[in-house]
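Have a look at the structure below before the remarks.
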Amino acid sequence: MKIAIYPGSFDPITYGHLDVLERGAEIFDKVIIAVSYNCNKKGFLEPDVRKELVKKSVGHIKNVEVDSFDGLTIEYARKQGACVLLRGLRAVSDFEYEMQLSQTNSALADDIKTVFLITKPEYTFISSSTVREILLNNGDISKFVPPPVEKFLTSMVCKI
Ligand code: ADP
């Protein structure tokens, strides 16, 4: 059974993330989408909220599990019996960071491979940070995030 981990901040999950996940789920037997959190780095949303929003957005994909983790991705992958890390590439600007990350992970754990999927052109410009920016300026985020995420975020901003 080939298990892949799709790690990321998902702060929040976007249609771009979802596209990579859906296609990854066609390749691997199981994909665990795992919200990474770092106790020393505060995100926009709390890790539990990010995880909950991921859960609400991926129910249509059968072989996907949702989880969160702290610490090294490769240690987490080993614990889950995964042999692959799934990552998305939007543009050349992602490449340098992703290459460094992938090579570091290979140096730490050569048995775990990183597989990259290039995003569909219509999702290339979407990022969690852009979504946060639009949201905080009361813009429409419905083209960028799944409906449960839009609903939660817009109601959250109304309460601020
Ligand atoms: P991280 O903080 O680990 O980079 P992100 O949540 O920003 O976490 O991204 C997780 C993964 O999803 C990364 O591989 C990133 O390149 C990819 N990704 C982010 N946005 C998109 C998008 N619009 N299309 C495809 N992949 C994306």
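The values are calculated or read from the model by the stated rules, or taken from the named source; none is laboratory data. Note that the structure is a prediction, hence the values are computed from the model and not measured. Cβ placement follows ideal geometry from the backbone for every residue including glycine, while neighbour counts extend to all protein chains displayed. Side chains included, ligands, DNA and RNA excluded: accessible areas come from the protein's heavy atoms. Shrake-Rupley method; radii C 1.70, N 1.55, O 1.52, S 1.80 Å.
In the stretch 84-125, how many are within 12 Å of the ligand (Cβ to nearest atom), in contact (Cβ under 8 Å) with a residue 60 or more places away in the chain and either open to solvent by 100 Å² or more (accessible area, probe 1.4 Å) or not in a helix (DSSP H, G or I) (or both)?
Summing the residues that are within 12 Å of the ligand (Cβ to nearest atom), in contact (Cβ under 8 Å) with a residue 60 or more places away in the chain and either open to solvent by 100 Å² or more (accessible area, probe 1.4 Å) or not in a helix (DSSP H, G or I) (or both) in the stretch 84-125 gives 10.
Is it the case that Val157 is in contact with a helix residue (DSSP H, G or I) (Cβ under 7 Å, 6 or more places away or on another chain) and loosely packed, with under 14 Cβ neighbours inside 10 Å? Give the derivation first.
Details: in contact with a helix residue (DSSP H, G or I) (Cβ under 7 Å, 6 or more places away or on another chain): yes; loosely packed, with under 14 Cβ neighbours inside 10 Å: yes.
Yes; evaluated as a whole, the condition is true for this residue.
Return the residues of the stretch 16-53 that are open to solvent by less than 60 Å² (accessible area, probe 1.4 Å), part of a helix (DSSP H, G or I), touching a helix residue (DSSP H, G or I) at 6+ places or on another chain (Cβ under 9 Å) and more than 18 Å from Leu85 (Cα to Cα); say none if nothing qualifies.
Of everything in the stretch 16-53, those that are open to solvent by less than 60 Å² (accessible area, probe 1.4 Å), part of a helix (DSSP H, G or I), touching a helix residue (DSSP H, G or I) at 6+ places or on another chain (Cβ under 9 Å) and more than 18 Å from Leu85 (Cα to Cα) turn out to be Val49, Leu53.
Out of Val64, Val20, Val31, Val35, which single residue is touching a residue at least 24 places away in the same chain (Cβ under 8 Å), more than 11 Å from the ligand (Cβ to nearest atom) and in contact with a Gly (Cβ under 8 Å, 6 or more places away or on another chain)? Please lay out each step first, then the result.
Working: Val64 fails: in contact with a Gly (Cβ under 8 Å, 6 or more places away or on another chain); Val20 fails: more than 11 Å from the ligand (Cβ to nearest atom); Val35 fails: more than 11 Å from the ligand (Cβ to nearest atom).
Matching residue, one of Val64, Val20, Val31, Val35: Val31.
Can you pull out every residue in the stretch 54-83 that is assigned to a loop (DSSP other than H, G, I, E, B) and either open to solvent by 30 Å² or more (accessible area, probe 1.4 Å) or farther than 14 Å from Val31 by Cα (or both)? Walk me through how you get there before you give the answer.
Going through the stretch 54-83, the residues assigned to a loop (DSSP other than H, G, I, E, B) turn out to be 58-63, 70-72, 80-83.
Gly59, His60, Lys62, Asn63, Asp70, Gly71, Leu72, Gln80, Gly81, Cys83 - these are the residues of the stretch 54-83 that are assigned to a loop (DSSP other than H, G, I, E, B) and either open to solvent by 30 Å² or more (accessible area, probe 1.4 Å) or farther than 14 Å from Val31 by Cα (or both).
So for the stretch 1-9 (the condition being in contact (Cβ under 8 Å) with a residue 60 or more places away in the chain, of a type outside the set (A, V, I, L, M, F, W, C) and assigned to a helix (DSSP H, G or I)), does at least one residue qualify?
So far as the stretch 1-9 goes, no, none of its residues is in contact (Cβ under 8 Å) with a residue 60 or more places away in the chain, of a type outside the set (A, V, I, L, M, F, W, C) and assigned to a helix (DSSP H, G or I).
Could you say whether any residue in the stretch 2-12 is more than 14 Å from the ligand (Cβ to nearest atom) and of a type outside the set (Gly, Ala, Ser)? First the steps, then the outcome.
Going residue by residue through the stretch 2-12, those that are more than 14 Å from the ligand (Cβ to nearest atom) are 2-3.
The next check asks that each one be of a type outside the set (Gly, Ala, Ser); those that pass are 2-3.
The answer is yes, given that some residue of the stretch 2-12 is more than 14 Å from the ligand (Cβ to nearest atom) and of a type outside the set (Gly, Ala, Ser).
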